[in-house]
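Heads up: the structure comes next, in C-alpha cells.
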Amino acid sequence: MTLVPFELYHAKKSTSCAIFSSPHSGSDYPADFLSRIELDPHEIRSSEDAFVDDLFMPAIEFGAPLLAATFPRAYVDLNRAHDEMDPAVIHGAVKRGMNPRIAAGLGVIPRVVSEGRPIMRGKISLADAERRLILAYEPYHRMLSHLIRNNLEMFGIALLFDCHSMPHEALASAPKVRGKRPDVILGDRFGAACNYQIMEQTAAAFTDQGFAVARNAPFAGGHITQFYGRPSRSVHAIQIEIDRSIYMNEPSLTRSLAFGQVKARLSAVIAGLCESTLNQLPLAAE
C-alpha cells in the first residue's frame, strides 16, 4: 500500500507568519484497514472533521500554507503524542500511567469513533501500530515542524492555527456566549501555548464575522497545540474548533445549504488572521 500522508497547499505568495493545519479532515481509508473494521463505511467516518480542509483553504490566498491530512483520524490520530498507545488495541503496548485519552479509546491508534463505537475487534500488533506511525504520523509532523522553522526564519515568529470541527452535541457542556452555545471554541492551553495579544486578536477576528466564540472550554487544545505552542520561542499555537452543525448535515456527512456562507465568513476571518499586523508581533512574544 502506498500512502500519501498529507497534502500541502502552498500560499500563492508567502506573506504571513500563519500556518493552518487540518489533521483530522482526511478521508482516504487504506484498504487493509477497511477489511478489518467492524463499522460500515458511513459509521467509520463519524470521527472525521469533514470539510475542515475546504473551509480553511482560503488561507493560501492570504499568504499562508495549509497542511491537511489525507488519511483519517480513525487510522492514526495526529493530535496525540507519538507514544499514546492503547494496550487495549495494540499488542505489546506498555501502559504509561493514567491517560484519560487512552482510557476513552482515543490514543494515537484509536479504539473507538464517536459515541464510543469500537472500530474493530481484537488488537493489532505493535509492529502494525509502528508502521502506521512511520507511514502517516511522522511525515505529517516532520512537515509541520518544517513549516514552523521556515516561518521563524522568514518572519521571526510562527503562528499555528490547528483547525478542527466538533459535533454539535459536544457543546452541551460549553459555556454560553451572549445567551447561546458557541459556534467556535479557541484553545491555547489556558495561555500556555499562545501570547495573550494574539489570542485576543484571533477571537476578535471571529467575533467580527458574527461567530459566537468561547475559549478553552470544553476544548483547550490537544497535543499539537500543547507540543508546538512555545511563546517564549516565538511559536504560538491556537486550536480552532467549529460547530459542525453550522455548515454541514452531521448524520449524512454532507455540506448543508449554509456551507458557502459559512466559508465566506471564515474567509474574512482567515484574511484577518493572516494580515501583516500579526506578522509584527515578535516583541509580544513571551
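Here are some notes:
- Selection count, the stretch 100-117, where residues are open to solvent by 50 Å² or more (accessible area, probe 1.4 Å), farther than 17 Å from Ile224 by Cβ and either modelled with pLDDT of 95 or more or assigned to a loop (DSSP other than H, G, I, E, B) (or both): 3
- Criterion (among the acidic types (Asp, Glu), surrounded by fewer than 19 Cβ atoms within 10 Å (Cβ to Cβ), closer than 30 Å to Ser234 by Cα and out of contact with any strand residue (DSSP E or B) (no Cβ under 6 Å at 6 or more places or on another chain)) met by exactly one of Glu153, Glu130, Glu169: Glu153
- Whichever residue in the stretch 221-251 is under 17 Å from the mean Cα position of the chain (by Cα) and free of Cβ contacts under 8 Å to residues at least 60 places away in the same chain and, among such residues, is nearest to Val269 (Cα to Cα): Gly221
- Cβ separations smaller than 8 Å between residues 6+ apart or across chains give the following pairs from the stretch 208-220 residues that are closer than 15 Å to Ile238 by Cβ and touching a residue at least 12 places away in the same chain (Cβ under 8 Å) to residues that are open to solvent by 20 Å² or more (accessible area, probe 1.4 Å) and in a loop (DSSP other than H, G, I, E, B): Ala214/Pro175; Asn216/Arg189; Asn216/Phe190; Ala217/Pro175; Ala220/Arg189; Ala220/Phe190.
- Among the residues of the stretch 39-65, those identified as part of a helix (DSSP H, G or I) and acidic (Asp, Glu) are Glu43, Asp53, Asp54, Glu61.
- All positions within the stretch 165-200 that are of a type in the set (Asp, Glu) and over 17 Å from Gln226 (Cβ atoms): Glu169, Asp183, Glu200
- The condition of being of a type outside the set (D, E, K, R), open to solvent by 20 Å² or more (accessible area, probe 1.4 Å), within 18 Å of the chain's Cα centre (by Cα) and at pLDDT 95 or above holds for only one of Phe20, Phe62, Phe6, that being Phe6.
- Among residues of the stretch 70-88, those that are surrounded by 23 or more Cβ atoms within 10 Å (Cβ to Cβ) and among the aliphatic types (A, V, I, L, M), counted: 4
- Here Gly97 clears all of (1) open to solvent by 70 Å² or more (accessible area, probe 1.4 Å); (2) on the phi > 0 side of the Ramachandran plot except the condition numbered (1).
- Qualifying residue in the stretch 202-220 (condition: at pLDDT 95 or above, among the polar types (S, T, N, Q) and touching an Asp or Glu at 6+ places or on another chain (Cβ under 6 Å)): no
- One residue stands out among those in the stretch 194-209 that are farther than 16 Å from Phe20 by Cβ and in a loop (DSSP other than H, G, I, E, B): the one that is least open to solvent (accessible area, probe 1.4 Å), which is Asn195.
The values are calculated or read from the model by the stated rules, or taken from the named source; none is laboratory data. Given the structure is predicted, the values throughout are model-derived calculations rather than measurements. When we count neighbours, we look across all protein chains shown, and the Cβ atoms used for this are built from the backbone with ideal geometry, even at glycine. Note: areas computed on protein heavy atoms with side chains; ligands, DNA, RNA excluded. Shrake-Rupley method; radii C 1.70, N 1.55, O 1.52, S 1.80 Å.
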